[in-house]
Every structure is written in structure tokens, then in C-alpha cells.
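Have a look at the structure below before the remarks.
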Amino acid sequence: MGARIRGLRLERGLTQRQVAEPVYTASYVSTVEAGRTRPSEAALRHIAERLGLTHEELVTGRPAGFATDLRARLTDAHRTLATKGAEQAVGMYRELLDEATRCALDTERAAALVGLGQCALDSGDLTEARLRFEAAEQILADGPLPRRALARRGRAVAHYLAGELGYAVHLLESALEELTVSGLRDPGALLLLYTAAIAPYMDMGAHVRAAHTAELALALAPQVSDPALVAGLHRSVARTLLAEGRTAEADTSLDKAAELYQRLQIRTELAHCHWMRGYLHAQDGDLEDAERELRTALETLTVNRAALYTTQVEVELADVLRRRGETHQAEELLTRLLDERHLDRGTLHAGGAHRLLGLIAHDRGDSDAAERHYTTALSLLKRSGATGDLADICRLLGDLLRDTGQCEAALDVYRTGLGHRGSPGTTTLGPAPAEPAALPGWGPR
């Protein structure tokens, strides 16, 4: 504080006497500047006035209204990320992080780190994303969990996209447990975490738990005012409805999500709705509409340079192309994707790409290539814990081995698949997290 006062005084060309009078002496100001005396609150207010500053400016070293301005610029960065993509937003977040760090504004610093983490997620750098989200959580470690929910959700999504499904679920369930047990019944934080848990539950084969989580999230929706959160809920719930064969309801849920994203101009998330609708059409056998929706999703994601999500949609598109008889185009697309794939990301869609290449090779009678791709897919899916997909690839590989006379090897693979077809969620997950006590307005829908 003494050094700051001295620097500000010299900057203004004032003497110690001019700063001190008429209440204090020059010698008193000298001892303050030298750090030998700790100024009282009254003295600080007097000195601030003589220096032409507010008390806050003198004590914090920040201009008046700096924190408010920083928060407004964070909102602008969030909007840029949503509407123009990570490449446009990342510079804004870095500048905000530097300023928040310099002025010791922890809340704003954490928000900038979360923004950088989301930029890294969109661009496919999952290691960078995890580091940013972890740093944000550490900064907010002493605060209430609802303030850390966004960073925790980001960490979980990064691990999920890297194929670490079990750890992603652990992060989300431990946060939900802490929220409910501690009585911190924050509807927004709960909805954020429930929604994020649905995708890894589904990929792990825990369909019952995913459906129950979707019910809990839907019950929270009336308590949440953030339309982006509600849109994310509807998009995630659509996946559980699809798994139950309720395609009309899934389509309605996607319509609700798309309408909200369109209104908010959140392009990447709107592309996810097109992506899921493409999957829905593919499940119904409407391959022409499926291809159209997937190409619409790809166009938006490519413009926003959302590299990881682009790759995932391209795997889905390759499956549609294969089913439409455009095998050569599908194979070229999948081979290019695997050549470009980084080792630290995309385990699930890499497994899906190898599965499709195995099917293509099998269809043209190349059993060796099919076996090689199926075996690679099996290895990737084992690592990720994607139970449902793992059982499917075991069936495909087992059938291939049986048809080529490798019956003992086929039996081993079938047994592996059967080991993952128990009651969904019972072999890979622990007890479900505690459910929150009833919130105001909570009730069946």
C-alpha cells in the first residue's frame, strides 16, 4: 500500500505535505510510504481524496467500475463464442484472464478460464480444456459448489469426449451428491449437472439411470430461467426418448431445443440439434433426410471451426452414406478422419469409424481387413467403457470369426460381449447419487 501511494503521489507531482495536509503531517505520509505505519481507514480515505481517487481505487489498485466492465466484456465473449465460434472468442477470453489475474478478481478470472475451456472443447483440444476447467475449479474451491458447477461440468464433458466415460460420470455424480447432501438446492446447477450426465450414462449402457436423470432434469426446468440451459435439457432428453423408441416425442423435444438455440443464436448447439435429428431419421430408415440434416450440422460446425464435433458428425454421415450405397465415399471419409485424429481425443468416434470400416470391408469380402478394424474398435471401446457399443462390436467380430472357422476365438469374443449385456448400469456404475429434496414448485409433470 505504501509503495502504491508513493507511486501515485509522484505520478501526480505532489509532495508528501500536499497529500498529508490539513489532517496529517508529511512525516506521517513518509512512514506510510515506507511501510513503517499501517494507515487507518480514515487516513486511506483522506489520502485517496488528495490523490483524486476513490477509496476503492486506492485500496484495490483498480479503476472504479473495473470489475463491472470486466463482467460486461465476459458476457460479450460468451456471446461471441456462441454465435461466431471459438476462434473469434479465444483472444477475448485470454485478454480478460490477464486483466482479471492482474487485478486479483477471482470470480472473473474463473469465468475467463471456463470460457477458454469451452473454446478448447469446441476446437477439440481436450487436454487444454481439462486444464482450464481444473484451474477454474481450484480458484473457486473455497466457494459454494453451485459457483463451481460450470467448471465441473466442463471437466466432465472433456473426459467424456476423450472416451473416459467412467471418470466423467464420477465427476458429475460426486458433484450432485455434494449438492444434495449439503442442501445447496440450486436448480440451475442441478440441471446443468443432470443434463451433462445423460450422454455418458447412455454410452455406458445405463439407460434406466439416464431416463431417470432426464425425469429429474425435466422436473427442474420450471425453476430455471436460463433458456440455454433449458435448451440443453431438451436436446439431452431427446436421446433417452430415442433409446426408448419414442421418436415422435424425441422430435418434439429437439424442436423445443432448436427453437431456443435459434432465438439465442447459439449456432454450435443448433448444429447439435440437426445432428441428432439426422440420427433420428437414420434410425427410422429415412436416409435422404438424415444426410440432409447431418450436412446442415456439418456446415455450421465447420464455419465455427468446432473440429471435434465436426469429426463426430462425419462418422455419423459416413454410416448414412454406407447405407445409401455410397461405400467408396464413406470409406474415404472415415480413412481421412482416422488419419487426422489426435491420440488424446475422440476415442468413441474413432471406435465408431473402425466399426464402419469393418462393415465395409466385410461387405466386400475382405475378412482380414474387417477383423483388423473390428479388433481395433473393440480395444478403443473397452478403454472408454462404452458398454452398448462394446456388445455390438463383440457380436460383429464374433460372427466374423465364426464364419471364418475361428470358433474358439469367436466364443471368447461372444463371452466378452455377454459380460456387458447385464442389467443396464449395474456392472459399471455405483449407487445413484442422492436425489434432491423437493424444491419449491417441484412435482410430477
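Each reported figure results from applying straightforward, stated rules to the coordinates on display, with no laboratory input. Note that the coordinates shown come from a computational prediction; the quantities given were computed from them, not determined experimentally. Here Cβ is always computed from backbone atoms with ideal geometry, including for glycine, and neighbour counts include all displayed protein chains.
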(message) Check which residues have an amide H placed less than 5 Å from Gly419's amide H, if you skip close sequence neighbours.
(response) none
(request) Quick one: among Asp392, Asp98, Asp125, which has the greatest mean-square fluctuation in a GNM of the chain with alpha-carbon springs under 10 angstrom? (result) Asp98
(request) Treat each spin label as a single point 7 Å out from the Cα along the C-beta direction, and report the Glu56 to Ala243 distance in nm. (result) 4.8
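Given the -39500 (n - 2.57) contribution per DSSP H run of 4+ residues, what per-residue ellipticity at 222 nm results for the chain, rounded to the nearest 500 deg cm²/dmol?
Details: 23 runs with 338 residues, N = 445.
One gets -25000 deg cm²/dmol as the mean residue ellipticity at 222 nm.
Using the beta-carbon distance between Asp142 and Asp286 and R0 = 60 Å, what value does 1/(1 + (r/R0)^6) give for FRET efficiency, to the nearest 0.05?
Rounded to the nearest 0.05, the efficiency is 0.70.
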(request) Pick out which of Arg36, Arg94, Arg322 has the largest mean-square fluctuation in a Gaussian network model of the chain, springs linking Cα atoms closer than 10 Å. (result) Arg36
(request) Could you check the simple spin-label distance between Glu215 and Leu411, using points 7 Å along Cα→Cβ, in nm with one decimal? (result) 4.2
(request) Tell me which label goes with the value of Rg and Dmax of the Cα atoms in Å computed from the coordinates here: (i) 27.7, 102; (ii) 26.0, 86; (iii) 21.5, 69. (result) (i)
(request) Calculate, in nm to one decimal, what Asp226 and Asp69 gain on full extension: separation in residues at 0.36 nm each, minus their alpha carbon distance. (result) 54.3 nm
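At a Förster distance of 56 Å, what's the computed FRET efficiency of Gln88 paired with Leu14, Cβ-Cβ distance as r, to 0.05?
Numbers: r = 45 Å, r/R0 = 0.80.
Between Gln88 and Leu14 the formula returns 0.80.
Taking 41 Å as R0, compute the FRET efficiency from the Cβ-Cβ separation of Glu95 and Arg45 and round it to 0.05.
On the way: r = 32 Å, r/R0 = 0.79.
Calculated transfer efficiency: 0.80.
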(message) For a quick check, take a GNM of the chain with Cα springs below 10 Å and name the residue from Val230, Val313, Val19 with the largest mean-square fluctuation.
(response) Val19
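Work out how much length Asp403 to Tyr28 would gain on full extension: take 0.36 nm times their residue separation and subtract the Cα-Cα distance, in nm to one decimal.
Working: separation 375, 0.36 × 375 = 135.00 nm, distance 9.46 nm.
Value of the extension gain: 125.5 nm.
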(message) If I stretch the segment between Thr107 and Arg38 completely, what's the gain in nm (0.36 nm per residue apart, minus their alpha carbon distance), one decimal?
(response) 22.0 nm
